[in-house]
Amino acid sequence: MDQLLQHILNALVLGGTYALLGIGLTLIFGIMNVVNFTHGALYTFGGYAMYLAAVALGLNFFVALPVAVVAGLLLGAFIEFTLLRPLRRSDIDTTMLVMIGAGIIMQSGTLWIFGGVAKAVPTPFPAQPLVIGPVSLSYVNLFVLGSAIALIAITYFTINGTRLGRAMRATFQDHDTAALMGVNVSLIYTATFAIGSALAAAAGALLGPVYVVTPQMGELAAVKAFAIVILGGLGSISGATIGGFILAFAEELGAGYISSGYRDAMGFLIIIAVLLVKPTGLFARAERIG
Amino acid sequence: MMISRRTTLAALAFSLLAGTALAADTIKIGVNEPLTGAFAASGTYVVNGARIAADEINANGGVLGKKIELVIEDNKSNPTEAASVAEKLITSDKVPVLMGSWGSSLTLATMPKLEEYQVPMLVETSSSGKITTSGNPFIFRISPPSSVEADAFEPIAKKLGLKKVDFLVINNDWGRGAAADFSKMLKANGVEVGLTETMDQSAQDMSAQLSKLKASDADTIMVTSAVDQLTLLFKQMAALGLKKRVITTGGSQNPDQIIAQAGPAADNTMHLTTFLPWWPEKTPNPEATAYFLGEWKKRGFDFAGATESFRGYDGIRTVAAAIAAGGGTDSASIQKGFWKVDMVGLNGPIKFAKSGPAGKESGQSKPNVYLIEITDGKVKQVQLGG
Amino acid sequence: MTRFIAPLFLVVFALVPLGLKDPYLLNALIITGILTICAMSLNLLLGFTGQLSLGHVAFFGIGAYVSALTALGFDVSLPFGLRITHEGGAPLVGFVLAVALTGLCGYLIGRLSFRVRGAYFVIVTISFAEVVRLVALNWVELTQGPLALTAIPNMVLPVPGLGDVALRSKMQNYYLVLAVAAVSYLVIARLVASRFGRAMRGLKENESLALSLGINATRTLTVAATLSAAMAGAAGSLYAHYIRIIDPDVFLFSYTVTMVIMVVSGGKGTLAGPLVGGILFGLLPVALRPVMAPEAQWIVYGAILIAILFLMPRGIVPALESLALRLRPAPEAKSAAKPAEAGANP
């Protein structure tokens, strides 16, 4: 019983970070129809931006965090402007491949600049965990969970409650009509990619200090993000959030009670099962590539 | 189209041939290591260690009156590439001997090439038992396979009074091999073996496995993984309030990096290691250790990397010793030379014993194994006197 | 003009080993050839039916394991006291089994996921590849897991008059890969030119129209998926008997990425595209290796990929085709177009 409680608590913490990983990707896919293979590299970028700001520049942890997020926002805008805007009329495979190329460059560039040895980012939180009865939880994880929920809420509000969000949703529905109605679609695309990138960088900046920062950290994160987006249905923020928690619970309980070797298979087995029963994913309408 | 294709191929062939044997007065040693991809950090450390050894040997006049030259190639942490790199080093660069390839799957992938071209290779890091038991007479290994490590741990296990042990290992040949060999040894000594949990080699969150281990009734957890994952494990153990005896194996721990990155979470953990850079005077070859560490520092490398890179240093020195002992610069002489090597490396005597099927034995050297403990952010050797 | 690319390739590459004796370059060509077969098979799905398989490496890996295990033998116990013991057999049997079993996997995946298609096909294939990789990693009794299958024998072919010949040399393996590639190419070319191929393209261009003309979408796509998977399985078998050691790393996602790069950069939906893309991106790392630092090689690789797609968003072969079309009606304009052609060549 105690073990189960601890597993549930772990899954809640992990689910928050997974949701954060998923929403940036789902936003870009839903609105821009771009399979963003730089997502993992942007996550890594967030981790290194945090490392540079907090360790190399010596900024306060809570100042360094927004610095890293803004850096991710700017890098995302730059990538969209230079690589995606010229290919607006190309099909999804072409943009996907360009993103693969950009991802390879970013990851190798990180390795070249920083080397392969992991970097640690110190946190201001106490090392002793918070113990509640039979379960325990570190303060830094609590902070990450809180921040993730806050960021998801901000994104949700931005999409559903602001003028920018309305324009984004209109573009998602039908970008030609949106353009006719006076929406600056180019600007919406840049904003969408920048926000999605900022969310990936935020995830890296939050998790870099919890884990360690390495040039490879984005690879596994990207695979998880894809699984989460699929579980939640493409283009749905609430779907990605719930998908993140489902994946976390499946992994945590699967590793705890079935087999740790198959931990990473749990998410994918659920995906296959879900698609057999409900082919459009859990929460969204069917999408078509190509 | 036709013309451009032909010129491209010609240019390709030329650029490759241009790099080959310009000077016959050096002895080439091929180095096949992961410099990009998942194992980039470790491969780079090993190469840096190898460079120190090569410079030292050349400063002292080289081998058989010739300087040695390292031909370093990146195998991209990918077995297919590792095999291709071995092929390139042997056939294009004409190296008579190789060192490599860090990971076991990388080393296993190069082994058919060694047989094909009859070129010996010194294995500096890989731990899979299969490497020295599959009947490849071109393999000479200085790193301990997990069975050797488990044997060395046997007296230590008795002194520590272990009762029941759980395993948490990285899900590859290294972790699986360690869990199997240590379990066998412990069971033979009457120690109970409980759970064996695995983690993906790129996993960052291990809380599910740790929660399960926390609930188990074992007194000790034996962990096999590389330094980055160990750092995460110790932090996550602290977060879960998991307070059991932890012993790590495998020799890729870099305790200083763990201390720097995991902080107090690393306290009271024990580590089986093959090299003691903290106390050069206590190592089997204090002089060489002091030289290596001095040079490592002079070149501006991180001290924490010394426990990984010393294998590259010892590896190249062993290859040089084999060339000298064999008396020739061709592969066959060097292969014979390996069997005559008798030197003291940074972690004990290097001398190859036969391993594997008769007639096609590989060479296996048996390094020392030490137990260290981290206490208050300091490394201390666990004395198991008498 | 692109019609002649494939026969030209066949002739050129059949002659290559006569002049090229460097085993390292032959090795690079063999690996490139194996990956190019995978790219051709992926193109059958991605290019001709518009379905992207991002788990194509699963078929490659299953082919490699089936073939290796058939040759090496195994002994596994299954639930309910069942036990399967296999002594080990001829590599050629392994090759046939690899093709058959991967074809079956392709059929099942096709049946399962073509009900929904599009993005969900991508998803099912990724998930399938990941699950298969984890099975290969964790079912140690059968696959030896991360301990790897070693000492896989070379491919053995019965040759009339010579009996069984083990293909040990580079040259023999080279021609084997070339032969399998040529057969795969012919199968795809015949298929695409048939009524069946028109059905595939009809579904890709305008599904509702195709359906109203009585084309059975699921059947058409399932056949394409089956053939595609079987070819990737054949490539996996060739790989296993050439490299002679396999471990769960044959399921690395980066192999799938390489296949997609080869298909899309060369030109999806064209017969010659995967050949051009395959050879270009198969040999590019070999050309870059002696020139620059390891990290820089990857950066240049990514930059060349992006540059090709910026200049030729539909891929190299379609760009050449439209160039040729533009040149044909006005031969006097040839000199003016020359710089463009030089720029378009790889």
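A few comments on the model shown:
- At least 1 residues being among the charged types (D, E, K, R) is the threshold, and among the strands (runs of 3 or more DSSP E) wholly inside region B:311-360 those reaching it are B:353-355.
- Picking from residues in region B:133-153 that are part of a helix (DSSP H, G or I) and over 14 Å from the mean Cα position of the chain (by Cα), the one that is surrounded by the fewest Cβ atoms within 10 Å (Cβ to Cβ) is B:Asp151.
- Those helices (runs of 4 or more DSSP H) lying entirely in region A:141-233 with at least 2 residues over 17 Å from the mean Cα position of the chain (by Cα) and surrounded by fewer than 20 Cβ atoms within 10 Å (Cβ to Cβ): A:163-173, A:175-180, A:185-210
- Given (1) under 28 Å from C:Ala287 (Cα atoms); (2) in contact with a helix residue (DSSP H, G or I) (Cβ under 8 Å, 6 or more places away or on another chain), number of the condition C:Leu18 does not satisfy: (2)
- Selection of first residues in region C:20-45 that are within 14 Å of chain B (Cβ to nearest Cβ) and modelled with pLDDT of 95 or more and of second residues that are surrounded by 24 or more Cβ atoms within 10 Å (Cβ to Cβ) and not in a helix (DSSP H, G or I), restricted to Cβ pairs under 9 Å at least 6 apart or on distinct chains, gives the following pairs, ordered by first then second residue: C:Cys38/C:His56.
- Whichever residue in region B:79-95 is surrounded by fewer than 24 Cβ atoms within 10 Å (Cβ to Cβ) and in a loop (DSSP other than H, G, I, E, B) and, among such residues, is farthest from the other protein chains (Cβ to nearest Cβ): B:Lys94
- Any chance B:Gly175 is in contact (Cβ under 8 Å) with a residue 12 or more places away in the chain and either of a type in the set (D, E, K, R) or in a helix (DSSP H, G or I) (or both): yes
- Taken together, B:Val47, B:Val71 contain a single residue that is surrounded by fewer than 24 Cβ atoms within 10 Å (Cβ to Cβ) and within 14 Å of chain A (Cβ to nearest Cβ), which is B:Val47.
- Test: residue in region B:258-277 that is within 22 Å of A:Pro126 (Cα to Cα) and in contact with a His (Cβ under 9 Å, 6 or more places away or on another chain): yes
- Taken over region C:282-305, the residue count meeting the criterion of being farther than 13 Å from A:Ser108 by Cα, within 9 Å of another protein chain (Cβ to nearest Cβ) and surrounded by fewer than 20 Cβ atoms within 10 Å (Cβ to Cβ) is 6.
- Residue that is assigned to a helix (DSSP H, G or I) and crowded, with 24+ Cβ neighbours inside 10 Å, where the choices are C:Ala28, C:Ala6, C:Ala64: C:Ala64
- Criterion: closer than 18 Å to C:Leu44 by Cα and out of contact with any helix residue (DSSP H, G or I) (no Cβ under 7 Å at 6 or more places or on another chain) - qualifying residue of C:Leu72, C:Leu92, C:Leu108: C:Leu108
Conditions (1) assigned to a helix (DSSP H, G or I); (2) surrounded by fewer than 20 Cβ atoms within 10 Å (Cβ to Cβ), marked per residue:
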| site | (1), (2) |
| --- | --- |
| B:Ala239 | yes, no |
| B:His271 | no, no |
| B:Phe292 | yes, no |
| B:Gly300 | no, yes |
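- Scanning region C:306-331 for residues that are within 11 Å of chain A (Cβ to nearest Cβ) and surrounded by 19 or more Cβ atoms within 10 Å (Cβ to Cβ) gives C:Ile306, C:Ile308, C:Leu309, C:Met312, C:Pro313, C:Arg314, C:Gly315.
- Among residues of region B:188-222, those that are more than 13 Å from chain A (Cβ to nearest Cβ) and either within 21 Å of the chain's Cα centre (by Cα) or of a type in the set (Gly, Ala, Ser) (or both), counted: 5
- Filtered residues of region B:154-170 (kept if part of a helix (DSSP H, G or I) and touching a residue at least 40 places away in the same chain (Cβ under 8 Å)): B:Pro155, B:Ile156, B:Lys159, B:Leu160
- Qualifying residue in region C:186-199 (condition: part of a helix (DSSP H, G or I), more than 20 Å from C:Ala90 (Cα to Cα) and within 14 Å of another protein chain (Cβ to nearest Cβ)): no
- Region A:249-271: number of residues that are of a type in the set (S, T, N, Q) and not in a helix (DSSP H, G or I): 1
The values are calculated or read from the model by the stated rules, or taken from the named source; none is laboratory data. Keep in mind the model is a prediction, meaning the values are calculated, not measured. Neighbour counts are summed over all protein chains in view; Cβ atoms, including those assigned to glycine, are modelled from backbone coordinates with ideal geometry.
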